[in-house]
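These notes are about the structure you will find just below.
The values are calculated or read from the model by the stated rules, or taken from the named source; none is laboratory data. Since the structure is predicted, the reported quantities are computational estimates derived from the model, not experimental observations. Cβ: placed from backbone, ideal geometry, glycine included. Neighbour counts: every protein chain shown. Surface areas here come from the heavy atoms of the whole protein model, side chains and all, with no ligands, DNA or RNA. Shrake-Rupley method; radii C 1.70, N 1.55, O 1.52, S 1.80 Å.
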Amino acid sequence: MALPLQGVKIIEMGNTGPSTYGVFMLGDLGADIIRVKPPPHPSRPKAGSAEYDEDGTAIPPGGVIWHRNKQEISLNLRMPEAQEVFYELAREADVVVEANRPGVLDRLGVGYERVSQINPRIIYCSVTGYGQEGPYKMNPGHDACWTGVAGALYLTGISLGNLGNRRQKPEVAQRLVTHHAASHYTAMAILAALLARERTGRGQHVDVSNCDSLVGVVYEPEDIFLTGHSPGWNIYEAKDGKYIAVGARDERTWTDLCQALGKGYWASQLQDQSEWEDIRAELRAIFLTRTRQEWWRFFQDKGTAVAPVLTLDEVSHDPQVRQRQMLLELELPNGGKTVHYGIAMKLQGTPGKVRSLPPGESQHTTAVLKRLGYDDARIQELRASGAVH
């Protein structure tokens, strides 16, 4: 069965973050991806070995998940010989995705202007912290910085059902929020640009900013329900010390919750903020009378919006997650097994597929060069010069 993006060729030049994760999603849908990396920097601990990535971070068995369905080569783009190899790749590519500060790849001779001269149909997607313009465009940063500027970090100080705490100090998120938000914008922008190319015949430069990806999330109209004040939008501790999330924000699910708990007279008080504190207090006492699992079973047929707050190790065993194949057990070449995230986009007619495990360091350099027409002697020359690794 054909994959939806079969035949789309992508050159990825990011190391980690939204560019890499966005391309990862497109790879699951069939895109052919060549990941171009610089040679390992000698100052990095064990950089580029089989056990550590370019930042010295330990690589899990089977490789880093978001590099699956990719081939990998190493090019020293400071050298003209390596730039020529890149130009050959770009001639046959549909998309280039990069994650460098503005101007870095222009100085290396592989920026958008140069590549678009070689291939006018190229989609060249630049994924950066603050975008290609603006006073912060050259600033270094990471997720804590971008969430701070976007206002998203401020929101962590507004309780979301935090057991009654109405206000607290903003806390750094325990997940890289913009890395995931911007990765979806990256994938969507690339698909939109490919569709536009079908009409115009030309490619374009696509500018994705990590910071931009969260600004729109923050500036929605203020909603007091989402601050954890409402008893119907809250988190409650159960008898066993675990938690139940209540999302009964609308009249129907709130009424069903009230009736299920024998508190039908609360149904008319969803919008009456003067009653919220007392109702929350009663709900806290009620939820302490059963374990989380007992409440989860109790609410299964009650038609209201209630769910358990699972720990991360519990998620992997959850029957919903399992049936949706969101955790995949894959065979390793050595006979072992590894677990990968599943494919969240379920296309009935052309479903995605894990076609290959993440590659080893520069695993496909020789194969890619041969496909471009380089013979063994020339490949050896490029290796000897340091242009390829």
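Quick notes
- If you go through the stretch 95-150 and keep only what is open to solvent by less than 10 Å² (accessible area, probe 1.4 Å), touching a Cys at 6+ places or on another chain (Cβ under 8 Å) and of a type in the set (Val, Ile, Thr), you end up with VAL95, VAL96, VAL97.
- Test for PRO231: is it open to solvent by less than 60 Å² (accessible area, probe 1.4 Å), in contact with a Phe, Trp or Tyr (Cβ under 6 Å, 6 or more places away or on another chain) and at pLDDT below 95: yes
- Just one of (1) open to solvent by 60 Å² or more (accessible area, probe 1.4 Å); (2) closer than 30 Å to ASN76 by Cα; (3) not charged (D, E, K, R) fails for LEU369. It is (1).
- For the criterion of being open to solvent by 60 Å² or more (accessible area, probe 1.4 Å), without any contact (Cβ under 8 Å) to a residue 60 or more places away in the chain and either under 14 Å from LYS239 (Cα atoms) or not aliphatic (A, V, I, L, M) (or both), ASP278 passes.
- Test: VAL115 is within 22 Å of ILE73 (Cβ to Cβ) and part of a helix (DSSP H, G or I): yes
- Screening the stretch 1-78 for strands (runs of 3 or more DSSP E) wholly inside it with 3 or more residues that are over 20 Å from LEU191 (Cα atoms) and either hydroxyl-bearing (Ser, Thr, Tyr) or modelled with pLDDT of 95 or more (or both) returns the ranges 70-74.
- The residue that is least open to solvent (accessible area, probe 1.4 Å), among those in the stretch 291-320 that are in a helix (DSSP H, G or I) and in contact with a helix residue (DSSP H, G or I) (Cβ under 9 Å, 6 or more places away or on another chain), is TRP295.
- GLY352 being open to solvent by less than 100 Å² (accessible area, probe 1.4 Å), touching a residue at least 60 places away in the same chain (Cβ under 8 Å), out of contact with any helix residue (DSSP H, G or I) (no Cβ under 8 Å at 6 or more places or on another chain) and not in a helix (DSSP H, G or I): no
- Selection from the stretch 236-275 of residues that are open to solvent by 40 Å² or more (accessible area, probe 1.4 Å), modelled with pLDDT of 90 or more and touching a strand residue (DSSP E or B) at 6+ places or on another chain (Cβ under 9 Å): GLU237, LYS242, TYR243
- Tally, over the stretch 76-94, of residues that are free of Cβ contacts under 8 Å to residues at least 60 places away in the same chain, open to solvent by 40 Å² or more (accessible area, probe 1.4 Å) and either touching a Leu at 6+ places or on another chain (Cβ under 8 Å) or within 17 Å of GLN132 (Cβ to Cβ) (or both): 1
- When residues in the stretch 125-146 are screened for being at pLDDT below 95, hydrophobic (A, V, I, L, M, F, W, C) and outside any loop (DSSP other than H, G, I, E, B), 3 of them pass.
- Matching residues in the stretch 281-290 - criterion: being open to solvent by 40 Å² or more (accessible area, probe 1.4 Å) and either part of a helix (DSSP H, G or I) or touching a His at 6+ places or on another chain (Cβ under 8 Å) (or both): ALA281, GLU282, ARG284, ALA285
- Residue selected from the stretch 159-192 under the condition modelled with pLDDT of 90 or more and open to solvent by 80 Å² or more (accessible area, probe 1.4 Å), by the criterion nearest to ASP207 (Cα to Cα): TYR185
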